[in-house]
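Asks: To start, I am sharing the structure in question, which I have written as C-alpha cells.
The values are calculated or read from the model by the stated rules, or taken from the named source; none is laboratory data. Computed from a prediction, not measured in an experiment: that's the story for all the values here. Using ideal geometry, Cβ is built from the backbone for each residue, glycine included, and neighbour counts are taken over all protein chains shown. Ligands, DNA and RNA are stripped out before the accessible areas are found, and what is left, the full protein with its side chains, is counted by its heavy atoms. Shrake-Rupley method; radii C 1.70, N 1.55, O 1.52, S 1.80 Å.
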Amino acid sequence: LRLTAFAGAVTKGTSVPAKLAEALLTAEASYRGQRGMAGQVGAFKRLFSHQLSLVQLSSTDSSITLTARTGLIPITVVSSAPYTIHGVLTVRSTKFKFPEGATRTLRLAHPTNSVRVHVVARTLGDSPVTVSFSAPGAAGDLVFASGQVTVRSTATSVVGVVLTAAALAILL
C-alpha cells in the first residue's frame, strides 16, 4: 500500500517506483528461502526509506514569533529527489485556527518549496504546530516528512492596553 501511494505521488516519467516494485517482488520469490527473503525485504525497506528521506521539512524545530493575533507561518519543504513529487502539506494545532484551511496541495518540482500558512492565535504564549507532507488521496498515510514548529504569540489585547493605560493614569 505504501509503495502504491509512493507511485501515485511521484511523476509518471520516473522509473523509481518500478525499481522498488521489482525489489519487493524479488524478495517474495519462493526460491530464495527464509534468510534470502528476509535479506531482500530488508534491502527493499532500505531503498524505500532512502526515497522517503529525500524530502525534508527545513523550517521545523524552529521558533516563530507572531506580534499580532494573526500572521503567516513560513514552512519550507526541501526535496533532493530527481523527480517531481505531488503531495499534501498538513498543519495541526489546538491553539491556532487556519482560516485558509489546514491543508495545501504541493508540487515539489524544485529543491526548495516555500509555503506561508495564515494562522489566527486562540491564546497567547508558545504553541506547537505539527507539520507533515504526505502522499495525496486516500493513501495519504504515507508520510514523506513531518515535524513541529513552535509559534509564540505575543499579541497585546485591547483590554490589556486599556487597563495598562488606566493604571498609568491613576499612578500619575
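Asks: Hey, what angle do you get for helix 16-28 against the long axis of the chain, alpha-carbon based, 0 to 90 degrees rounded to 10?
Replies: It works out to around 60 degrees.
Asks: Using alpha carbons only, how many degrees (0 to 90, rounded to 10) separate the axis of helix 33-53 from the longest principal axis of the chain?
Replies: Between helix and principal axis, roughly 40 degrees.
Asks: Now a separate question. With a 1.4 Å probe and every protein chain left in place, work out the accessible area per residue of segment 24-110 in Å², rounded to a whole number.
Replies: In whole numbers, segment 24-110 has 59 Å² accessible per residue.
Asks: Now, a different point. Could you size up the charge dipole of the chain around its Cα centre, putting +1 on the beta carbon of Lys and Arg and -1 on that of Asp and Glu, and report it in debye to the nearest 20?
Replies: Working: 16 positive and 6 negative charges, 26 e Å.
The dipole of the chain has a size of about 120 debye.
Asks: Quick one: angle between helix 158-171 and the longest Cα principal axis of the chain, in degrees between 0 and 90, rounded to 10, please.
Replies: 30 degrees
Asks: While we're looking at this one, here's another question. Tell me, what % of the accessible area of segment 68-160 is carbon and sulfur with a 1.4 angstrom probe?
Replies: 54 percent
Asks: Which of these values of percent of Cα pairs over 19 Å apart was calculated from the structure shown: (i) 64; (ii) 70; (iii) 58?
Replies: Derived directly from the coordinates: (i).
Asks: Which of the trypsin sites (Lys or Arg not before Pro) found in segment 1-98 are loop residues per DSSP with 11 or fewer other Cβ atoms within 10 Å of their Cβ? Walk me through the numbers before you get to the answer.
Replies: Working: sites: 2, 12, 19, 32, 35, 45, 46, 69, 92, 95, 97; in loops: 12, 69, 95.
Hits after loop and neighbour filter: 12.
Asks: Determine the relative contact order of the chain: mean sequence separation of Cα pairs under 8 Å and six or more apart, normalised by residue count, in whole percent.
Replies: About 26 percent, as a whole number.
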